[in-house]
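Q: Input: one structure, supplied below.
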Amino acid sequence: MTSVQNLLQQLNGNKLIIFLAIVSISFSACDAFKKAQKDEPVVKEDEKKDLPEVKGNTVYDPETGTYTYSKSVNEEMDTVNWQMNSLDDTPPITSAATKNQIDITVPPIGTNPGTGTSQKLSVYNVAVMLPFLSNRSMGGTEVDERSKPAVQFYAGMKMAFDELSAENVKLNVTVHDTKASEAVTQSLMNSRELKTANLIIGPFVKNNIIVAAEMAKQTRTPLVSPLSPSSNVAKDNPYFIQVSPYLKSHCQAITKHALERFPADKIVLVVRNKKAEISRLKYFQEGNQAFEGTEDVERLQEFIVTDETADFNEMDVSPYLKDGDTTVFIVPSWSNESFIYSLMRKIQVAKVENEIDSEVVIYGMPQWMSYNRISYDYYEQLKVHVSSASYIDPDSEKVKQFRQSYFKKYGTVPSIEAFVGYDVMLYFGRMMAKHGTYFPEFLDGEQAE
């Protein structure tokens with residue numbers, strides 16, 4: 001499996017919080033790429049909040065590698081009706097391939113890594129496999145909420161097609177609906193379009209990625225997993241390229257960010273007494289060792305919450321709060337919103353009841369941005385930082401230009417999936433044009449133009 005670390009522009013959320021940007025393969029949305037880093041992921045901060053979110057945005061679980069859809073709705077988007085035919089003049093995408101550019105030339109399949117036989121071609125075949133869920137459509141022009149991440153991702157790709165065409169990068173693109181089904185994915189991988197592809201982008205869902213990655217290995221075709229952050233999807237597979245970072249990358253980047261700003265003895269790791277959560281503590285302890293450059297360091301404090309009541313009423317955070325001092329809570333937990341809410345409430349109550357004048361900083365996980373119960377005041381007062389796989393700078397002129405072009409083309413604002421789709425296609429399209437059919441061999445250390 002190929003994995004490269006770099007900097008990716010990050011999405012701003014609705015809540016007033018600070019984000020940490022963490023990536024495995026990075027693309028700076030609408031901006032020049034940075035050179036690949038070989039150490040820890042890069043971290044950025046931002047407190048601005050002017051990028052709207054698209055209803056139905058995805059939130060991932062780093063352990064399971066599955067995506068769920070946020071129930072939060074940005075009111076600004078309620079006035080926009082996404083028209084399927086606004087993407088192009090072709091009919092809505094179905095499980096059959098839809099030609100984006102009509103060129104039936106079939107170049108050879110990619111070659112083995114390390115053989116020096118990567119071929120430069122006049123036209124490259126690109127197969128796109130996304131869960132458009134056309135089988136769940138109720139008809140009309142409205143897109144199913146669950147389909148929007150795939151539709152936005154592909155719309156972003158189409159923006160990149162225009163730029164690549166202007167750069168004389170010729171692509172023969174086929175688009176396929178996986179319907180989020182393993183059976184459909186396997187059937188598509190056996191199709192002529194997939195077997196003759198020089199690059200496969202997708203799928204989104206972990207089980208489908210496993211199927212596609214194994215078959216791509218057999219046909220020696222580079223496959224890019226654009227959104228799934230799961231580890232161990234495809235071991236010993238040089239043809240599998242994962243864009244999103246693992247949970248470990250998030251944890252280590254959070255640790256580095258915190259240690260650069262606060263003494264280690266001010267940091268407290270907080271998890272529930274659950275095996276899965278306790279196992280995450282090692283990532284932060286390892287991150288502490290890496291930051292100090294030695295294993296001989298004092299361990300970060302660990303607060304394992306044993307309270308299992310519904311409202312966590314017995315949870316006591318007061319021992320970790322000191323008058324006139326700073327406490328940094330790092331909380332790698334996300335599956336129980338009530339726990340996160342109770343923790344924040346307990347911290348606020350403890351400060352008031354014990355008359356503690358202390359500064360509190362909390363580091364959390366990406367899933368926190370989909371929570372509905374927690375007051376925005378908590379995020380601001382407790383200086384919440386949330387890690388993110390992507391960062392979009394709203395002040396960047398190129399980002400503004402992309403958003404304007406996207407809105408003009410499609411009649412809606414781009415979601416994070418649109419930015420990622422644009423970056424993924426632009427980056428890998430240029431890599432194929434520059435290095436040929438086995439471009440993954442050149443990913444490490446490659447600096448984008």
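Q: I'd like the full set of residues that are part of a loop (DSSP other than H, G, I, E, B) and either touching a Cys at 6+ places or on another chain (Cβ under 6 Å) or β-branched (Val, Ile, Thr) (or both), limited to the stretch 366-388.
A: Ile374
Q: Being surrounded by fewer than 22 Cβ atoms within 10 Å (Cβ to Cβ), within 21 Å of Val361 (Cβ to Cβ), in contact with an Asp or Glu (Cβ under 7 Å, 6 or more places away or on another chain) and not hydrophobic (A, V, I, L, M, F, W, C) is the filter here; which residues of the stretch 239-289 pass it?
A: Within the stretch 239-289, Lys256 is the sole residue that qualifies.
Q: Follow-up question, since we're still on this one. Condition first: open to solvent by 50 Å² or more (accessible area, probe 1.4 Å) and outside any loop (DSSP other than H, G, I, E, B). Now tell me which residues in the stretch 310-333 satisfy that.
A: Pro319, Tyr320
Q: Only one of (1) open to solvent by 30 Å² or more (accessible area, probe 1.4 Å); (2) assigned to a helix (DSSP H, G or I); (3) within 27 Å of Pro366 (Cα to Cα) is not met by Ser187, so which one is it?
A: In the conditions (1) open to solvent by 30 Å² or more (accessible area, probe 1.4 Å); (2) assigned to a helix (DSSP H, G or I); (3) within 27 Å of Pro366 (Cα to Cα), Ser187 misses (3) alone.
Q: Being in contact with a helix residue (DSSP H, G or I) (Cβ under 8 Å, 6 or more places away or on another chain), open to solvent by 10 Å² or more (accessible area, probe 1.4 Å) and on the phi < 0 side of the Ramachandran plot is true for just one of Lys409, Lys398. Which residue is that?
A: Lys409
Q: Here's something else I'd like to know. Checking the conditions here, which among Gln367, Gln348 is open to solvent by 30 Å² or more (accessible area, probe 1.4 Å) and among the polar types (S, T, N, Q)?
A: Step by step, each of Gln367, Gln348 is checked, and only Gln348 is open to solvent by 30 Å² or more (accessible area, probe 1.4 Å) and among the polar types (S, T, N, Q).
Let's see how each residue does on (1) closer than 30 Å to Lys158 by Cα; (2) over 19 Å from the mean Cα position of the chain (by Cα); (3) without any contact (Cβ under 8 Å) to a residue 12 or more places away in the chain:
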site: Lys322; (1), (2), (3): no, yes, no
site: Ile330; (1), (2), (3): no, yes, no
site: Asn336; (1), (2), (3): no, yes, no
site: Asp357; (1), (2), (3): no, yes, no
site: Gln367; (1), (2), (3): yes, no, no
site: Pro394; (1), (2), (3): yes, no, no
site: Phe407; (1), (2), (3): yes, yes, yes
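Q: Follow-up question, since we're still on this one. Surrounded by 22 or more Cβ atoms within 10 Å (Cβ to Cβ), out of contact with any strand residue (DSSP E or B) (no Cβ under 8 Å at 6 or more places or on another chain) and closer than 30 Å to Val270 by Cα: which single residue out of Ile356, Ile362, Ile416 fits that description?
A: Ile416
Q: For Lys217, are the conditions met, namely being open to solvent by 10 Å² or more (accessible area, probe 1.4 Å), under 21 Å from Ser118 (Cα atoms), of a type outside the set (A, V, I, L, M) and touching a strand residue (DSSP E or B) at 6+ places or on another chain (Cβ under 8 Å)?
A: yes
Q: A follow-up question, please. How many residues does the stretch 276-309 contain that are part of a helix (DSSP H, G or I), of a type in the set (S, T, N, Q) and farther than 14 Å from Ala264 by Cα?
A: 1
Q: Does Glu295 satisfy the criteria of being open to solvent by 80 Å² or more (accessible area, probe 1.4 Å), without any contact (Cβ under 8 Å) to a residue 60 or more places away in the chain and in contact with a helix residue (DSSP H, G or I) (Cβ under 7 Å, 6 or more places away or on another chain)?
A: yes
Q: Scanning the stretch 241-275 for residues that are among the small types (Gly, Ala, Ser) and part of a helix (DSSP H, G or I), which turns out modelled with the lowest pLDDT?
A: Ser249
Q: Which one is nearest to Phe240 (Cα to Cα) among residues in the stretch 423-444 that are among the hydroxyl-bearing types (Ser, Thr, Tyr) and at pLDDT 90 or above?
A: If we take residues in the stretch 423-444 being among the hydroxyl-bearing types (Ser, Thr, Tyr) and at pLDDT 90 or above, then Thr437 is nearest to Phe240 (Cα to Cα).
Q: Further question: Within the stretch 190-214, track down each residue that is assigned to a loop (DSSP other than H, G, I, E, B), open to solvent by less than 10 Å² (accessible area, probe 1.4 Å) and of a type in the set (A, V, I, L, M, F, W, C).
A: Ala197
Q: Mind counting the residues in the stretch 345-365 that are assigned to a helix (DSSP H, G or I) and in contact with a Lys or Arg (Cβ under 7 Å, 6 or more places away or on another chain)?
A: Summing the residues that are assigned to a helix (DSSP H, G or I) and in contact with a Lys or Arg (Cβ under 7 Å, 6 or more places away or on another chain) in the stretch 345-365 gives 0.
Q: Could I ask something else about it? The conditions are (1) of a type in the set (A, V, I, L, M); (2) within 20 Å of the chain's Cα centre (by Cα); (3) buried (at least 24 other Cβ atoms within 10 Å of the Cβ), and Val175 fails exactly one of them. Which is it?
A: Looking at each condition in turn, Val175 falls short on (2).
The values are calculated or read from the model by the stated rules, or taken from the named source; none is laboratory data. Every value quoted in this text rests on a predicted model; they were computed, and no experiment measured them. With ideal geometry, Cβ positions are generated from the backbone for all residues, glycine too; neighbour counts draw on all protein chains shown. The accessibility values were calculated without ligands, DNA or RNA, using every heavy atom of the protein model including side chains. Shrake-Rupley method; radii C 1.70, N 1.55, O 1.52, S 1.80 Å.
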